[in-house]
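The values are calculated or read from the model by the stated rules, or taken from the named source; none is laboratory data. Only a predicted model underlies this, so the values are computations on that prediction, with no experimental measurement involved. Methodologically, a virtual Cβ is constructed for each residue, glycine included, from the backbone with ideal geometry; neighbour enumeration extends over all protein chains shown. To get the accessible areas, we keep the full protein, side chains included, count just its heavy atoms, and leave off ligands, DNA and RNA. Shrake-Rupley method; radii C 1.70, N 1.55, O 1.52, S 1.80 Å.
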Amino acid sequence: MTLGDIIKEYRTSHKISMGTFSDMSGISKAYISLLEKNKHPKTGKPISPSIQCIKQAADAMCIDFNTLFERIDGTVSLTPNKEERKPPAKKGTLINIYGRVAAGIPLEMIEDIIDTEEIPEDMAKTGSFFGLKIHGDSMEPKISDGDIVIVRQQDDAETGDTVIATVNGTDATCKRLRKYRDGIELISTNPSYEPMFFSNQEIKAKPVRIIGRVVELRAKF
C-alpha cells in the first residue's frame, strides 16, 4: 500500500476530512490529496513521501513509525517535499461572545457569555475586544439577526463607523454613527427604521454612550 492509501483508509474508517487530518498531522491538505491520488500533477509519477512526512502521519494515526514504514510500498524520499510542508498556524486570542451587553455593567461582570471566537494575535494587541450577537433586523442587509460582530472597546468613534451604543440605560444596540456639531445620529441600515438623533444635552442626560466600534462581521449560515 502507499502512504496515501493508508491515510485514506484511516480517514474513511474514522470519518475524518482531509482538513482535519491536515490539522492532526501538520501535513498540508494539498499534499495529502497528492498522496491519496499518488500521482504528481506535473510529472505524473508516483509520490515519494519523505521520512518526516511518514513520521507525521504515523503520529496522527497513533501508529508506530516502523510499523507504518513497513506497510508502505515503493520509494521513500530522504528529503522533505516542498508540497508537504504546511506553514505553522498563526496564534490567535480567544474573546468572549455576549448575548447581550447591559448599559453600565463592566464586561467582566456580564454573565451572558454564549460562546467564544478567535481573533488574530496582531489584532488583539491593538486593544480590548469582545463579540456581540446581533438581535433584530435593523442593520439588514449586511448584518442579520444572529450574526456575530467583533467589537473593539472604545468610548468614541468617527462618522461612518458602525458602533455599539447604549441609550437610556438599555442593552447595547448596533448602529452606524454620524456626528454633528450639536449631537449625533445613530442610523440603521434597514430603511424601515428611522435614524435616532440625540443632541449634546440628550447624550449626557439619557445618557447615550458608545462602548465599542465594530471591526469585523462573522455571519452565521
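Observations
- Condition check for Phe198: touching a residue at least 60 places away in the same chain (Cβ under 8 Å) and surrounded by 15 or more Cβ atoms within 10 Å (Cβ to Cβ): no
- Once the range 146-155 is narrowed to residues that are assigned to a strand (DSSP E or B) and not aliphatic (A, V, I, L, M), the residue that is surrounded by the fewest Cβ atoms within 10 Å (Cβ to Cβ) is Gln153.
- In the range 31-59, the residues that are open to solvent by 10 Å² or more (accessible area, probe 1.4 Å) and either within 20 Å of Ser13 (Cα to Cα) or part of a helix (DSSP H, G or I) (or both): Ser33, Leu34, Glu36, Lys37, Asn38, Ile51, Gln52, Lys55, Gln56, Asp59
- Single condition Lys220 does not satisfy, out of (1) modelled with pLDDT of 95 or more; (2) within 30 Å of Thr93 (Cα to Cα); (3) open to solvent by 70 Å² or more (accessible area, probe 1.4 Å): (1)
Residues checked against (1) at pLDDT 95 or above; (2) not in a loop (DSSP other than H, G, I, E, B):
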| position | (1), (2) |
| --- | --- |
| Phe130 | no, yes |
| Pro141 | no, no |
| Ser144 | no, no |
| Thr166 | no, yes |
| Lys179 | yes, yes |
| Thr189 | no, no |
| Ile211 | no, yes |
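- From Glu70, Glu117, residue being modelled with pLDDT of 65 or more and in a helix (DSSP H, G or I): Glu70
- Taking residues in the range 1-28 that are part of a helix (DSSP H, G or I), and partners anywhere that are surrounded by 18 or more Cβ atoms within 10 Å (Cβ to Cβ) and aromatic (Phe, Trp, Tyr), the pairs with Cβ atoms closer than 7 Å and at least 6 places apart or on different chains are Ile7/Phe21; Arg11/Phe21.
- Residue check, Gly4 on the phi > 0 side of the Ramachandran plot and either open to solvent by 40 Å² or more (accessible area, probe 1.4 Å) or out of contact with any Gly (no Cβ under 9 Å at 6 or more places or on another chain) (or both): no
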